[in-house]
Amino acid sequence: MTPHAILPTRNEAHGFYGTITICPLRDRRSGEVWALASKLIAIAMHVDSEDEMIGIRDFLDSRMGRHFADDVVGNMTGCNIDSETAISSAICRWQGWRICHRTEREEGIPAGLPYLTGWVQHFAVRAAMADAG
């Protein structure tokens with residue numbers, strides 16, 4: 001796996017970045033938490049392309065990224081843990097969930113995929129289609 005550049009947020013007010021920014025429990029600046037989340041997701045998913053890094057960025061910038069950040073913040077609040085441990089815990093939880101048939105019908109993400117993988121791939125495909133069209 002070749003490491004790819006961490007892409008900066010395009011949505012500082014909302015999504016993962018906006019949610020982390022208002023969290024008083026974070027132990028790093030928002031940009032550092034963003035970079036850490038991007039890196040840890042890439043490692044967990046064995047990302048090996050720039051398109052997948054775009055998928056991570058777009059996922060974190062989305063409504064789903066805000067939900068992911070809510071899980072991270074909940075981990076820091078309820079478990080009194082640092083940002084890295086909270087992100088790693090959220091990744092494990094999201095990878096343990098599976099995409100359901102309803103999400104497959106509504107979003108086109110194949111049912112049965114790990115939840116985080118499915119959403120990141122969904123955003124990677126959307127970005128690739130937008131570039132091609």
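The values are calculated or read from the model by the stated rules, or taken from the named source; none is laboratory data. Every value quoted in this text rests on a predicted model; they were computed, and no experiment measured them. Note: accessible area is taken over every heavy atom of the protein model, side chains too, but ligands, DNA and RNA are not part of it. Shrake-Rupley method; radii C 1.70, N 1.55, O 1.52, S 1.80 Å.
Side notes on the structure shown:
- Heavy-atom accessible surface of LEU25, to the nearest 10 Å², is about 90 Å², with a 1.4 Å probe and all protein chains retained.
- Near the amide H of ARG98, within less than 5 Å, lie the amide hydrogens of TYR115, all on another chain or at least 5 residues away, with H placed in the peptide plane.
- 1.4 Å probe accessible area per residue over segment 1-56, in Å²: 55 Å²
- Nearest-ten-degree value, helix 115-132 long axis tilted from longest Cα axis of the chain: 60 degrees
- With Cα atoms, 0 to 90° folded angle of helix 30-45 axis to the chain main axis: 50 degrees
- Top of ARG63, ARG29, ARG93 by mean-square fluctuation, Gaussian network on the chain, Cα under 10 Å: ARG29
- Which labelled figure in (i) 15.4, 50; (ii) 14.1, 41; (iii) 14.1, 46 is Rg and Dmax of the Cα atoms in Å, once derived from the coordinates: (iii)
- Solvent-accessible surface ranking, highest first, for ASP61, ASP70 at 1.4 angstrom: ASP70, ASP61
- Accessible surface of the chain, 1.4 Å probe, proportion on carbon and sulfur as whole %: 54 percent
- Over the chain, relative contact order from alpha-carbon pairs under 8 Å, at least 6 apart, %: 27 percent
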